[in-house]
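Q: Take this structure first; my questions come after.
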There are 2 protein chains.
Amino acid sequence: MAFGGGTGMAALLAGLKLYTPNITAVVTVTDNGGSSGRLRNDFDMAAPGDLRNCLIALADVDPLMAQVFQYRFQEAEFKGHCFGNLFITVLARVVGDFEESIRALNRLLRVRGKVIPATSSKVSLVAHHPDGSKSTGEVQITKSGKPIATIELRPSPVPLSQEIREAIEAADLFLFGPGSLFTSVVPNLLIDGIVDAIKQAKRPRVYVGNIMTQPGETDGFRLSDHLRALRRHVGADFPDWVIAHNGEVPPQVLEKYAREGAEPVILDLAGDGEFDGIRLVTRDFLGRGDAARHDPACLARAIYDELLEPISRGVPPARTLLEGRAR
Amino acid sequence: MAFGGGTGMAALLAGLKLYTPNITAVVTVTDNGGSSGRLRNDFDMAAPGDLRNCLIALADVDPLMAQVFQYRFQEAEFKGHCFGNLFITVLARVVGDFEESIRALNRLLRVRGKVIPATSSKVSLVAHHPDGSKSTGEVQITKSGKPIATIELRPSPVPLSQEIREAIEAADLFLFGPGSLFTSVVPNLLIDGIVDAIKQAKRPRVYVGNIMTQPGETDGFRLSDHLRALRRHVGADFPDWVIAHNGEVPPQVLEKYAREGAEPVILDLAGDGEFDGIRLVTRDFLGRGDAARHDPACLARAIYDELLEPISRGVPPARTLLEGRAR
């Protein structure tokens, strides 16, 4: 079972489906920018964009259907809109209930596993900054230029749906990330009662770290800073596992990212006691292309080797922090 | 094999698919009004609306998918657009070739039979009026308030595609209408060489008459006027069969239509020699509801009884004009 949003989550799912037909993805719906944000406002609904990416990642349909879903208009009044977002919007209208419409879309797209929206209502993110000010909305949060102390959902509490609760109870493990720490990973964990439900399930909770920092969200963050930020929201015993990239990023890619203020996330977990008990898996996860993103198959393979496969054999996953320490 | 467009054609197809899995529909793409016309202009493509209706009529998909395709936006910049039209537009962009994209959509929607656009290019209708003036565009033609002498396609000639030619050669019979005489039925017959190809196939050519006249197109037309108009475009030996409604239309429906200037089409074919040799089938085809439209199942049943079934048994259809004469 995976929690997140954005391209990071979609990549994770696209990889995982090579290893298991039984993935449940809980996806953020708080995006208020771009096509997704415009629809969220115009149609007063949960943002569809992250759902779209995750549904397509797990869909078993004609590749043309996936292309149509990901098509972005360049023309007329539709400019900038992603067609799959419109599809979700129309389906929600036709069905009349957002969660039910996403269940229907899982069926229409023959999703292997299940994609569930974190909530069916139009929820906003509010960031509290260390200087006491706050920003409302994903776009505004990232643009504020201020560090983020904590994130909350408004209106709150956001209730935990029965569908997500049941998926948690049935899960083998819980994956968080990769993806935007404060706008994709944390929001899912702010649903009322979800952290407790996950804890009660007593299954490995796995944080998948980002390869690069994210301007406006995690500037200057090392891996430890990511974990501290997570713990501020969900408690000090989180997570059980961390999966992180330990390879190089090519200079020309680094340069491109540097121009936007992003840099590699430094692995700094080993040896200081604060993160004792966390099992660390590090590999070279870098995908091809000029983006510093996880290769879906490599990431899924690591999750399979270290977690899914031992779990399926009834063997508790056993890697320790020191074994997996960064170079 | 059926030729037409609009709701009339869609109703015919929805009925016919109950009797045969092997229908080919050639659909007009010259609509320049509404959602279809806006997309035709904004995306410089053939109009998608008539195709959408016919594809959905023959589709074998989740009913929800059909509802999504027929959804018309009430909101924001999308207002008035039909979602299925957008789907066709995006698919045409993604595939890069209009005809190929409609072939793909036949596959995606699991169409029973085949729906083919009359042409893949942005073609306009030009109407020549008896006073020597002309109108360009379906909307303008209907709005002109003038009788229509002849219709032509611009630019012309519009080539006959190999796909349509092969379908004609393989057809058991040819159905024209029901639907707008000058803007749905005639345009398909103006494709370069199509009338000859149909004639060479030596299969019954069947005109299905409309129940009501259509304001701006066929004001005051009796059934004979429809046939004369058709013959002006395709030659004097057309058609072999005529199927027409001979039942009543309820007074409250007549009243509604009368307010828009429409009246029942009067059956006047019998006995004057001009239409000798045409076989006439008349039944009560009126569907339920407050529109004077053909009931899809009744219409298909008549076509099956009189034509498809005898043809399938190798018996030439045999009804004569006098047998089927109007009351």
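The values are calculated or read from the model by the stated rules, or taken from the named source; none is laboratory data. Being a predicted model, the structure only gives us computed values, none of them experimental. All Cβ positions, even for glycine, are placed from backbone atoms using ideal geometry, and neighbour counts span all protein chains on display. Ligands, DNA and RNA are excluded from the accessible area calculation, which covers all protein heavy atoms including side chains. Shrake-Rupley method; radii C 1.70, N 1.55, O 1.52, S 1.80 Å.
Q: If you take the residues of region B:118-148 that are of a type in the set (Gly, Ala, Ser) and under 30 Å from B:LEU55 (Cβ atoms), which of them is surrounded by the fewest Cβ atoms within 10 Å (Cβ to Cβ)? Explain how you work it out, then say what you get.
A: First, pick out the residues of region B:118-148 that are of a type in the set (Gly, Ala, Ser): B:118, B:120-121, B:124, B:127, B:132-133, B:135, B:137, B:144-145.
Among the residues that remain, those that are also under 30 Å from B:LEU55 (Cβ atoms) are: B:118, B:120-121, B:124, B:127, B:135, B:137.
Values: B:ALA118: 28, B:SER120: 20, B:SER121: 16, B:SER124: 18, B:ALA127: 25, B:SER135: 21, B:GLY137: 20.
Result: B:SER121.
Q: Just checking, how many residues over region A:239-277 are farther than 19 Å from A:PRO178 by Cβ, at pLDDT 95 or above and of a type in the set (A, V, I, L, M, F, W, C)?
A: Matching residues across region A:239-277 total 1.
Q: Would you check which residues across region A:66-87 are farther than 18 Å from B:ALA76 by Cβ and facing another protein chain (nearest Cβ under 7 Å) and list them? Talk me through it step by step, then tell me what you get.
A: Of the residues in region A:66-87, the ones farther than 18 Å from B:ALA76 by Cβ are A:66-71, A:74.
Matches in region A:66-87: A:GLN67, A:VAL68, A:TYR71.
Q: So, one more: Which one of the conditions (1) within 14 Å of chain B (Cβ to nearest Cβ); (2) open to solvent by 30 Å² or more (accessible area, probe 1.4 Å) does A:LEU105 fail to meet, given that it meets all the rest?
A: Every listed condition holds for A:LEU105 apart from (2).
Q: B:GLU274: outside any helix (DSSP H, G or I), in the same structural domain as B:THR183 (by TED's automatic domain parsing), surrounded by 17 or more Cβ atoms within 10 Å (Cβ to Cβ) and charged (D, E, K, R), yes or no? If you could, list the steps in order and put the result at the bottom.
A: Values: outside any helix (DSSP H, G or I): yes; in the same structural domain as B:THR183 (by TED's automatic domain parsing): yes; surrounded by 17 or more Cβ atoms within 10 Å (Cβ to Cβ): no; charged (D, E, K, R): yes.
Answer is no for this residue.
Q: Please verify whether A:ALA197 is touching a helix residue (DSSP H, G or I) at 6+ places or on another chain (Cβ under 7 Å), assigned by TED's automatic domain parsing to the domain that holds A:VAL281 and either among the polar types (S, T, N, Q) or open to solvent by 10 Å² or more (accessible area, probe 1.4 Å) (or both), treating the condition exactly as stated.
A: So A:ALA197 fits the description; yes.
Q: Do you know which residues across region B:278-308 are in a loop (DSSP other than H, G, I, E, B) and either basic (Lys, Arg) or open to solvent by less than 60 Å² (accessible area, probe 1.4 Å) (or both)? Explain how you work it out, then say what you get.
A: First, the residues of region B:278-308 that are in a loop (DSSP other than H, G, I, E, B): B:278, B:284-285, B:287-293, B:295.
Hits for region B:278-308 are B:ILE278, B:PHE285, B:GLY287, B:ARG288, B:ALA291, B:ALA292, B:ARG293, B:ASP295.
Q: While we're on this one: Report every pair of residues separated by at least 6 positions or lying on different chains whose Cβ atoms are under 8 Å apart, first residue within region A:53-65 and within 14 Å of another protein chain (Cβ to nearest Cβ) and in a helix (DSSP H, G or I), second among the polar types (S, T, N, Q) and open to solvent by 10 Å² or more (accessible area, probe 1.4 Å).
A: Close Cβ pairs satisfying both conditions: A:ILE56/A:GLN70.
Q: Among the candidates A:THR24, A:THR7, A:THR28, A:THR20, single out the residue that is of a type in the set (S, T, N, Q) and touching an Asp or Glu at 6+ places or on another chain (Cβ under 8 Å). Spell out the reasoning first.
A: Numbers: A:THR24 fails: touching an Asp or Glu at 6+ places or on another chain (Cβ under 8 Å); A:THR7 fails: touching an Asp or Glu at 6+ places or on another chain (Cβ under 8 Å); A:THR20 fails: touching an Asp or Glu at 6+ places or on another chain (Cβ under 8 Å).
Of A:THR24, A:THR7, A:THR28, A:THR20, the one residue that is of a type in the set (S, T, N, Q) and touching an Asp or Glu at 6+ places or on another chain (Cβ under 8 Å) is A:THR28.
Q: Output the number of the condition that B:TYR19 fails; it satisfies all remaining conditions of (1) open to solvent by 30 Å² or more (accessible area, probe 1.4 Å); (2) of a type in the set (Ser, Thr, Tyr); (3) within 14 Å of chain A (Cβ to nearest Cβ).
A: (3)
Q: Next question, about the same structure. For B:SER135, all conditions in the list (1) outside any helix (DSSP H, G or I); (2) touching a residue at least 12 places away in the same chain (Cβ under 8 Å) hold save one; what is the number of the exception?
A: Evaluating B:SER135 over (1) outside any helix (DSSP H, G or I); (2) touching a residue at least 12 places away in the same chain (Cβ under 8 Å) leaves (2) as the failure.
Q: All but one of (1) open to solvent by less than 10 Å² (accessible area, probe 1.4 Å); (2) more than 9 Å from every other protein chain (Cβ to nearest Cβ); (3) not basic (Lys, Arg) hold for A:ASP50, so report the exception by its number.
A: It is condition (1) that A:ASP50 fails.
Q: Within region A:201-232, which residues are at positive phi and open to solvent by 40 Å² or more (accessible area, probe 1.4 Å)?
A: First pass over region A:201-232, keeping only residues at positive phi: A:202, A:216, A:220.
A:LYS202, A:GLY220, listed by residue number.
Q: Look at B:SER101 and say whether it is at pLDDT below 95 and among the small types (Gly, Ala, Ser).
A: Numbers: at pLDDT below 95: no; among the small types (Gly, Ala, Ser): yes.
For B:SER101, the condition - at pLDDT below 95 and among the small types (Gly, Ala, Ser) - is not met.
Q: If a residue must be of a type in the set (S, T, N, Q), crowded, with 19+ Cβ neighbours inside 10 Å and more than 20 Å from B:LEU190 (Cβ to Cβ), how many such residues does region B:22-47 contain?
A: First, the residues of region B:22-47 that are of a type in the set (S, T, N, Q): B:22, B:24, B:28, B:30, B:32, B:35-36, B:41.
Subset that is crowded, with 19+ Cβ neighbours inside 10 Å: B:24, B:28, B:30, B:32, B:35-36.
Adding the requirement that they be more than 20 Å from B:LEU190 (Cβ to Cβ) leaves B:35.
Of the residues in that region, 1 qualify.
Q: Name the residues in region A:106-126 that are out of contact with any strand residue (DSSP E or B) (no Cβ under 7 Å at 6 or more places or on another chain) and assigned to a loop (DSSP other than H, G, I, E, B), would you?
A: The initial filter retains those residues of region A:106-126 that are out of contact with any strand residue (DSSP E or B) (no Cβ under 7 Å at 6 or more places or on another chain), namely A:107-112, A:119-122.
If the condition is that a residue be out of contact with any strand residue (DSSP E or B) (no Cβ under 7 Å at 6 or more places or on another chain) and assigned to a loop (DSSP other than H, G, I, E, B), then A:LEU109, A:ARG110, A:VAL111, A:ARG112, A:THR119, A:SER120, A:SER121, A:LYS122 are the ones that fit.
Q: Return the residue satisfying two criteria in turn: it lies in region B:38-47 and is in contact with a helix residue (DSSP H, G or I) (Cβ under 7 Å, 6 or more places away or on another chain) and in a helix (DSSP H, G or I), and of such residues it is nearest to the other protein chains (Cβ to nearest Cβ). Don't jump to the end; show me each part of the working.
A: Kept after step one, since they are in contact with a helix residue (DSSP H, G or I) (Cβ under 7 Å, 6 or more places away or on another chain), are these residues of region B:38-47: B:39, B:42-43, B:45-47.
Still in the running and in a helix (DSSP H, G or I): B:39, B:42.
Numbers: B:LEU39: 9, B:ASP42: 4 Å.
Ranking the candidates gives B:ASP42 first.
Q: Please identify the pairs in which a residue from region A:239-260 that is farther than 18 Å from A:LEU223 by Cα has its Cβ atom under 6 Å from the Cβ atom of a residue that is of a type in the set (Asp, Glu), counting only partners at least 6 apart or on another chain.
A: A:VAL253/A:ASP290
Q: Within region A:88-102, how many residues turn out to be open to solvent by 20 Å² or more (accessible area, probe 1.4 Å) and within 9 Å of another protein chain (Cβ to nearest Cβ)?
A: Residues meeting the conditions: 3.
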